[in-house]
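First up is the structure itself, then whatever we jot down about it.
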Amino acid sequence: MSAILPILRGGGGDNLEILCLELEDYVVLSDLEKKEVLQWRNHPEVAKNLYNQKEISLAEHFAFIESLRQNPQKQYFLLRFCGVGLGSINFGKKSSEEVEFGFFGNPNLSLSGIGRVLEQVSLVFAFDILGARQLTLEVFARNKQVINLHKKFGFQISKEKEVKGEKVLEMCKDNTRILPLRHCGVE
């Protein structure tokens with residue numbers, strides 16, 4: 001599956017800018033693209049913020065991508081703009097109305113704002129394409145920059161837990177266009 005998502009930005013006055021971003025499903029990526037995503041994933045700056053911080057081999061990565069073909073509950077995408085890979089976004093259906101997501105940016109790009117783009121695309125895809133009523137994520141409590149990014153987009157901390165000796169926050173956001181599945185508040 002490949003999708004092109006238009007993101008609209010108001011430029012003030014009568015100006016409206018449309019950015020076309022391409023989401024390409026991992027299962028249809030070329031071997032070269034799969035290797036590129038693996039290189040990003042194994043980059044120390046990316047891996048330090050993931051549950052599995054060990055280096056993933058090429059064989060493990062290809063096997064994981066192949067397993068996605070049989071798992072309709074999980075979707076992983078490469079996000080591109082004008083042919084440049086910006087990052088990776090993944091979605092997992094927790095229920096028919098609740099979707100969990102995660103993303104990481106291409107660590108080789110020195111552009112600011114990639115996190116905001118990944119976040120916006122995630123919201124559009126989860127709410128408008130998947131039809132989620134609620135979007136959730138988990139983030140290490142030490143990752144203040146990402147926590148603040150999610151808060152800017154209306155996510156709230158709903159739970160705290162410990163994973164591998166580290167404090168992890170669950171954050172969630174309701175689709176404000178429809179009634180919430182459950183209110184995103186501290187339980």
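We did not get these values from a lab; they are worked out from the coordinates using the rules stated. Just so we're clear, the structure is a prediction, and the values are computed from it rather than from any experiment. Counting neighbours? That spans all protein chains shown, and the Cβs are built from the backbone with ideal geometry, glycine included.
Between Phe155 and residues 5 or more places away or on another chain, which pairs have amide H atoms under 5 Å apart, with H built 1.01 Å from N, and which residues are they?
none
Determine the alpha carbon to alpha carbon distance for each of Lys35/Lys74; Lys34/Lys167; Lys74/Lys151; Lys34/Lys151 and list only those over 28 Å.
Lys34/Lys167; Lys34/Lys151
Please label the shape of segment 14-153 as rounded, prolate or oblate, based on the square roots a ≥ b ≥ c of the eigenvalues of the alpha-carbon gyration tensor (a/c under 1.5 means rounded; beyond that, a/b larger than b/c means prolate, else oblate). Before the final figure, lay out the partial values.
Working: a/c = 1.24, a/b = 1.17, b/c = 1.06.
Cα axes put segment 14-153 in the rounded bin.
Order these peptides, 64-72, 117-125, by their mean beta-carbon neighbour count within 10 angstrom, highest first. Mind showing how you got there, number by number?
Values: 64-72: 11.9, 117-125: 20.0.
In descending order of packing, they fall as 117-125, 64-72.
How do 167-176, 45-54 rank on mean C-beta neighbours within 10 Å, highest first? Write out the running numbers ahead of the final one.
On the way: 167-176: 18.0, 45-54: 12.7.
Highest mean packing first, the order is 167-176, 45-54.
What distance in nm separates the two pseudo spin-label positions at Gln70 and Ser112, each 7 Å out from Cα along the beta-carbon direction?
Each label point is offset 7 Å from its Cα along the Cβ direction, giving 4.7 nm.
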